[in-house]
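A.B. asks: Structure provided below as structure tokens; questions to follow.
The values are calculated or read from the model by the stated rules, or taken from the named source; none is laboratory data. The model shown is predicted, which means the values in this text are computed figures rather than measured ones. A quick note on method: Cβ atoms are made from the backbone with ideal geometry, for glycine too, and the neighbour counts reach across all protein chains shown. Please note that ligands, DNA and RNA were not included when accessible areas were found on the heavy atoms of the full protein model with its side chains. Shrake-Rupley method; radii C 1.70, N 1.55, O 1.52, S 1.80 Å.
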Amino acid sequence: QVHLAESGGGLVQAGGSLSLSCRGSGKADDMRTMGWFRQAPGKEREFVAAIDWSGRNTDYADSVKGRFTISSDRGMLYVQMNRLKSEDTAVYYCAAGSGWGWPRPTVLDYSTWGRGTLVTVSS
């Protein structure tokens, strides 16, 4: 069984940067794709970024493209968030999925979720 644990959330001013980490443990096949999602108050959970098992394929939501960078290394998943905006405020979740195919930008593509970490961007 896969276990995911996020860290790195906090309060940052608009225009600033923040880095999130996610430690994953479990079967590699169950972490074939890793992703970041976020959920703002009153809104549905939305896709942020994903990376496949090889690290060669990445995918980003249009809203974060050019500002966020996803990476992975030895069971750790990261997202570097630059030029943050107030609309980036949300709880950020790490997710893992075992499916094949690319891209995988929907909630249904992932079977395991972390508990989330709060990112607050003040304007």
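A.B. asks: For the stretch 1-106, which fully contained strands (runs of 3 or more DSSP E) count at least 3 residues that are closer than 24 Å to T120 by Cα?
C.D. replies: 3-7, 10-13, 18-25, 33-39, 46-52, 68-73, 76-81, 90-97
A.B. asks: Could you identify the single residue in G75, G24 that is surrounded by 20 or more Cβ atoms within 10 Å (Cβ to Cβ) and within 22 Å of S98 (Cβ to Cβ)? Break it down into steps so the answer makes sense when it comes.
C.D. replies: Values: G75 fails: surrounded by 20 or more Cβ atoms within 10 Å (Cβ to Cβ).
Exactly one residue qualifies, and that residue is G24.
A.B. asks: Taking D62 as the residue in question, decide whether it is within 30 Å of G15 (Cβ to Cβ) and modelled with pLDDT of 95 or more.
C.D. replies: Working: within 30 Å of G15 (Cβ to Cβ): yes; modelled with pLDDT of 95 or more: yes.
Against the criterion (within 30 Å of G15 (Cβ to Cβ) and modelled with pLDDT of 95 or more), D62 qualifies.
A.B. asks: Return yes when L11 is in contact (Cβ under 8 Å) with a residue 60 or more places away in the chain, surrounded by fewer than 17 Cβ atoms within 10 Å (Cβ to Cβ) and of a type outside the set (G, A, S) and no when it is not.
C.D. replies: Yes: the conditions hold for L11.
A.B. asks: Could you tell me whether the stretch 88-110 includes any residue that is surrounded by 15 or more Cβ atoms within 10 Å (Cβ to Cβ), in contact (Cβ under 8 Å) with a residue 60 or more places away in the chain and farther than 20 Å from V2 by Cβ?
C.D. replies: No.
A.B. asks: Keeping to the stretch 87-123, report how many residues are over 17 Å from A40 (Cβ atoms) and β-branched (V, I, T).
C.D. replies: Of the residues in that region, 2 qualify.
A.B. asks: Applying the selection to the stretch 111-123, what residues are more than 23 Å from M31 (Cβ to Cβ) and surrounded by 14 or more Cβ atoms within 10 Å (Cβ to Cβ)?
C.D. replies: T120, V121
A.B. asks: Also, quick follow-up: Scanning the stretch 27-39 for residues that are basic (K, R) and closer than 19 Å to T58 by Cβ, which turns out least open to solvent (accessible area, probe 1.4 Å)?
C.D. replies: R38
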